[in-house]
Amino acid sequence: MQLTSCRYRGADRIGILTGTSVDLISTDGKWPQSMLALIDAGPALWSALASDPRSALDRRVPLAEVELCAPIPRPRKNIMCLGWNYAEHVRESAGNRDAEVPEHPVVFTKNTTSVNGPYDAIPWNPELTKELDWEVELAVVVGLGGRNIPVSEALRHVFGYTVINDVSARDLQFRHKQFFLGKSLDGTCPMGPVIVTADEIPDPQQLELRTWVNGEIKQSSSTRHQVFGVATVLSILSRGMTLEPGDIISTGTPSGVGFARKPPEFLKPGDLVECEILGIGRLRNPVR
Ligand code: ZN
C-alpha cells in the first residue's frame, strides 16, 4: 500500500494512494485517523487494511482534490539520521579520494519541527543560513518496536519506507560542531509523498535515488551502495536503545550534494528541488 496523510476539505485524513486517486479511510470510528495511530494499531490491522481496503473506505477522491502532507507530519521523536553512509559521499565530503568509510555508523537527529510536506516551500532566510543544501535519503518507518534486534530479524520491524530531503544548513552544521542545529531549521525535512509499506519493498538495498535542482540532475545512486544497510542500521540503533512504532530513521545521502561541488552550490530563492526514490515517489519543493 501507498499510505498518505492528507488534507481534504479542511480536515486531516489518512488514505491509500491508488494511481490518480486517494481512498480516504473511513471516519466511522473503527479505523485509525492518523498515520501514527495506524502504525500503533499493529500488524493485524495492517493486514486487514491491505487484504480488504474497501472495508475501510470512506470515499475515493481524485488526487487533485487532496493536499498531500508529510506522511507523519509530527513525529513523536526526532528523526534519526545516518551521516556518511555512502562511500562516494564520504570521499566528496572529505575532499579526498582515499577517505575511509566510518567503522561505525555516524548518527545525528533532526528536530520534529523540521518536518515539511512533499510539495511545500523550503524557507530561505539569509540571516539564518547562506548555505542551504540538499540530501535525498531513504527513510525507514519503524512498525514493530524492539530492543537488541538481530540483523536477521530487523526488516520484520519495518512498517514502510518514504523519501526524505535532509536539507542542511552547512554553515550552521559546521560552525556548531554538532550537526543538530544545522539540520533542524523549520521546513528542512520534506517527507513523503507516501509511505510504501514494507511488503512492497522486500529488498530496501535495491532502490534508485535521485535529486534534481531546477531540472538538473545532482544526485543519482542506489541504496545498494550504502555502507550500513537498513537491517544493520536498525540492529545497531536498537542495541540498548528501544526503537518504537513510528520512529523514523533516515539512512544517509549519496554523493552529489552542493557543498562538495566545485565551486560549491547552494539553494536560493526560486529554486525547485526534487528528490525521488523509484517505487516510492518524488518530493517537489520550491525554495522561498
Ligand atoms: Zn543526511
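The values are calculated or read from the model by the stated rules, or taken from the named source; none is laboratory data. Keep in mind that what you see is a predicted model, and the values were worked out from it rather than measured. Neighbour counts are summed over all protein chains in view; Cβ atoms, including those assigned to glycine, are modelled from backbone coordinates with ideal geometry. Just the protein is used for accessible areas: all its heavy atoms, side chains included, with ligands, DNA and RNA removed. Shrake-Rupley method; radii C 1.70, N 1.55, O 1.52, S 1.80 Å.
Below are the figures for this structure:
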{"item": "Gain in span if fully extended, His104 to Ala37, counting 0.36 nm per residue against the direct Cα distance", "result": "20.8 nm"}
{"item": "Segment 79-286, relative contact order in percent, only Cα pairs under 8 angstrom and at least six apart counted", "result": "33"}
{"item": "Neighbour cut-off at most 13 other Cβ (10 Å), DSSP loop, trypsin sites (Lys or Arg not before Pro), segment 1-48", "result": "Arg9, Lys30"}
{"item": "Sparse-neighbour loop sites [trypsin sites (Lys or Arg not before Pro); segment 72-170; at most 16 other C-beta within 10 Å; DSSP]", "result": "Arg76, Lys77, Arg97, Lys130, Arg147"}
{"item": "Cβ-derived FRET efficiency at R0 41 Å, Arg9 paired with Arg97, nearest 0.05", "result": "0.15"}
{"item": "Carbon + sulfur, % of accessible area of the chain - ligands and nucleic acids excluded, 1.4 Å", "result": "51"}
{"item": "Alpha carbon centroid spacing (whole Å) that separates segment 100-127 from segment 1-27", "result": "26"}
{"item": "Simple label model, 7 Å out from Cα along Cβ direction - Ala64 to Arg288, nm", "result": "2.1"}
{"item": "Inter-label distance for Val151 and Leu278, nm, one decimal - labels placed 7 Å from Cα along Cα-to-Cβ", "result": "2.6"}
{"item": "Semi-axes of the equivalent ellipsoid for the chain, Cα gyration tensor, largest first, Å", "result": "30, 23, 16"}
{"item": "Alpha-carbon centroid distance for the pair segment 270-288 / segment 31-79, whole angstrom", "result": "22"}
